[in-house]
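So the structure is just underneath, and the comments pick up after that.
The values are calculated or read from the model by the stated rules, or taken from the named source; none is laboratory data. These numbers come from a predicted model, not from an experiment. Because the Cβ atoms are built from the backbone with ideal geometry, glycine has one as well, and the counts that use them run over all protein chains shown.
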Amino acid sequence: MSIKNFFSNLFGTAKTKAAEVADTVEQYTDKAVAEIKETASELSEATAKGLAKAKEFSAEAIAEAKEKAAELSEMAGEGLAKAKDLANDAVEEVKEKAAILGDKAEEGFAKAKEYASEAVDDIKETAADLTDKAAAGIEKAKDLAGNIVDEVKSKTSGTDSAEPTSPTDNPPTANS
């Protein structure tokens, strides 16, 4: 797997996880808002009814309205507790997913560093091999050039049977 594909896959997974987390938070928030609206609507309706009864039935109606208000207050408290629980659950889930993503990112960066280190080592080794081969080629070229120069010198001096003075002075043959 190339480093480009690795990061593409890593960040693609991170995008997907982040979208899932955002969707989950949005769902929890929508549930909490719906419950609060429902409870508030019920509370509002019950309060309006209670006030009408209070006006009609005087003290008895006021007592009944207070009782209903207490019930509705309890219901609102329950709705609020549920909303708080849902929000806490969402926060915990986000923390867990963020921790997972953080771990994956750390693993990905460690692997990328390892791949890069291996690539640098391979390049260094290849460069050293090429340098050695180039040096050997230069030496061989120098030897061949020296042989050609010696051969030209011996032919221009008029003695074709000049003996080479060193092993590198031998001109290349078809067999070498």
Qualifying residue in the stretch 144-158 (condition: free of Cβ contacts under 8 Å to residues at least 12 places away in the same chain, surrounded by fewer than 10 Cβ atoms within 10 Å (Cβ to Cβ) and in a helix (DSSP H, G or I)): yes
Verdict on residue 116 being farther than 22 Å from residue 15 by Cβ, touching a residue at least 12 places away in the same chain (Cβ under 8 Å) and either of a type in the set (Val, Ile, Thr) or assigned to a helix (DSSP H, G or I) (or both): yes
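Within the stretch 68-102, count every residue that is touching a Leu at 6+ places or on another chain (Cβ under 7 Å) and more than 16 Å from residue 33 (Cβ to Cβ).
Looking only at that region, the number is 1.
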Only one of 95, 82, 68, 111 that is under 22 Å from the mean Cα position of the chain (by Cα) and surrounded by 14 or more Cβ atoms within 10 Å (Cβ to Cβ): 111
Test: residue in the stretch 97-112 that is in contact with an Asp or Glu (Cβ under 9 Å, 6 or more places away or on another chain) and outside any helix (DSSP H, G or I): no
Residue, nearest to the chain's Cα centre (by Cα), within the stretch 22-35, restricted to residues that are at pLDDT 85 or above and aliphatic (A, V, I, L, M): 33
